[in-house]
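Engineer: Sharing a structure below in structure tokens format, with a few things to ask.
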Amino acid sequence: MSVGKGLIFLGPPGSGKGTQAQELSKELKIPHISTGEMLREAISSQTPLGKQAQTYVDQGELVPDDLLLGLIEERLKENDAENGWILDGFPRNVPQAEFLDTLLQKLAKFSQQAINLDVPDDVIIKRLLMRGRKDDNEETIRRRLEVYREKTQPVLDYYRQQDRLSSIDGDRQPEAVTQALKAVVG
Ligand code: ADP
């Protein structure tokens with residue numbers, strides 16, 4: 001039985017999940033697994049997955065679950081994920097959260113802790129426009145926020161109801177957020 005931990009980073013696009021996940025991944029020596037990164041890589045190398053995912057990502061829509069679930073399962077079974085991991089960008093809807101629970105029961109591994117980075121909408125929009133990634137134009141940003149509210153907000157409730165959710169104020173200096181995260185992760 002492993003003593004590791006699965007950390008699930010939740011929060012709207014631009015909340016700083018990626019930056020914080022990277023930081024904590026170094027600190028805790030567990031891999032940072034970002035579905036957004038995996039998809040962008042697949043798109044830039046035009047793999048079959050990348051070709052199928054491209055229009056969804058470009059429009060700020062969620063990529064269909066059947067394209068992602070196998071990918072996540074394979075990734076979590078890799079050796080470096082044995083003692084824990086930080087998931088960033090997954091689960092993004094309730095069916096994905098349920099899939100993850102079933103998968104982890106099957107792998108009989110370790111506990112999961114979900115952490116929400118809380119950042120107000122006006123701050124988010126400013127940050128994303130500054131970031132200037134290819135899928136960061138104003139229309140796509142607006143759509144990603146809508147999708148977040150519709151599909152991902154219920155994931156927060158899902159973990160809250162099971163007493164597995166912590167919330168952190170993400171609207172402050174990155175270093176302060178990292179400190180708060182470390183305190184919550186323990
Ligand atoms: P952000 O940093 O804006 O939160 P990500 O890098 O996590 O964005 O994801 C970028 C895009 O990749 C999303 O807008 C979506 O199209 C797709 N994507 C990433 N993760 C998932 C997922 N778990 N389910 C469906 N689509 C996803």
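Engineer: Answer yes if at least one residue in the range 31-43 is at positive phi, surrounded by fewer than 18 Cβ atoms within 10 Å (Cβ to Cβ) and modelled with pLDDT of 95 or more, and no otherwise. Working first, answer last.
Structural biologist: Applying the first criterion (at positive phi) to the range 31-43 yields none.
Looking for residues that are at positive phi, surrounded by fewer than 18 Cβ atoms within 10 Å (Cβ to Cβ) and modelled with pLDDT of 95 or more, one finds none in the range 31-43, hence no.
Engineer: Additional query: Can you name the residue in the range 17-28 that is touching a residue at least 40 places away in the same chain (Cβ under 8 Å) and surrounded by fewer than 22 Cβ atoms within 10 Å (Cβ to Cβ) and is also nearest to the ligand (Cβ to nearest atom) among such residues?
Structural biologist: Only one residue fits best here, namely 18.
Engineer: If you check residue 106 against the conditions, is it farther than 24 Å from residue 25 by Cα and at pLDDT 95 or above? Can you show your working first?
Structural biologist: Details: farther than 24 Å from residue 25 by Cα: yes; at pLDDT 95 or above: no.
Spelling it out, it is not the case that residue 106 is farther than 24 Å from residue 25 by Cα and at pLDDT 95 or above.
Engineer: Report those helices (runs of 4 or more DSSP H) wholly inside the range 37-128 carrying at least 3 residues which are within 11 Å of the ligand (Cβ to nearest atom) and under 16 Å from the mean Cα position of the chain (by Cα).
Structural biologist: 65-76, 94-107
Engineer: Next up: Does residue 8 fit the bill of being surrounded by 21 or more Cβ atoms within 10 Å (Cβ to Cβ), touching a Phe, Trp or Tyr at 6+ places or on another chain (Cβ under 6 Å) and in a strand (DSSP E or B)?
Structural biologist: no
Every residue, every condition in (1) over 20 Å from residue 174 (Cβ atoms); (2) touching a residue at least 24 places away in the same chain (Cβ under 8 Å); (3) of a type outside the set (S, T, N, Q), yes or no:
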position: 4; (1), (2), (3): yes, yes, yes
position: 8; (1), (2), (3): no, yes, yes
position: 15; (1), (2), (3): no, yes, no
position: 38; (1), (2), (3): yes, yes, yes
position: 43; (1), (2), (3): yes, no, yes
position: 58; (1), (2), (3): yes, yes, yes
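Engineer: While we're looking at this one, here's another question. Hey, can you tell me all the residues within the range 135-186 that are within 16 Å of the ligand (Cβ to nearest atom) and in contact with a Phe, Trp or Tyr (Cβ under 6 Å, 6 or more places away or on another chain)?
Structural biologist: Those that are within 16 Å of the ligand (Cβ to nearest atom) and in contact with a Phe, Trp or Tyr (Cβ under 6 Å, 6 or more places away or on another chain): none in the range 135-186.
Engineer: Something else about it: Among residues belonging to the range 60-72 that are free of Cβ contacts under 8 Å to residues at least 40 places away in the same chain and of a type in the set (D, E, K, R), point out the one that is surrounded by the fewest Cβ atoms within 10 Å (Cβ to Cβ).
Structural biologist: Among those residues, the one meeting the criterion is 66.
To keep it simple, each residue is scored yes or no on (1) modelled with pLDDT of 90 or more; (2) of a type in the set (Ser, Thr, Tyr).
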residue: 101; (1), (2): yes, no
residue: 132; (1), (2): no, no
residue: 150; (1), (2): yes, no
residue: 159; (1), (2): yes, yes
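The values are calculated or read from the model by the stated rules, or taken from the named source; none is laboratory data. Worth saying up front: this structure is predicted, and the values here are computed from it rather than measured. We place every Cβ from the backbone using ideal geometry, glycine too, and count neighbours over all the protein chains shown.
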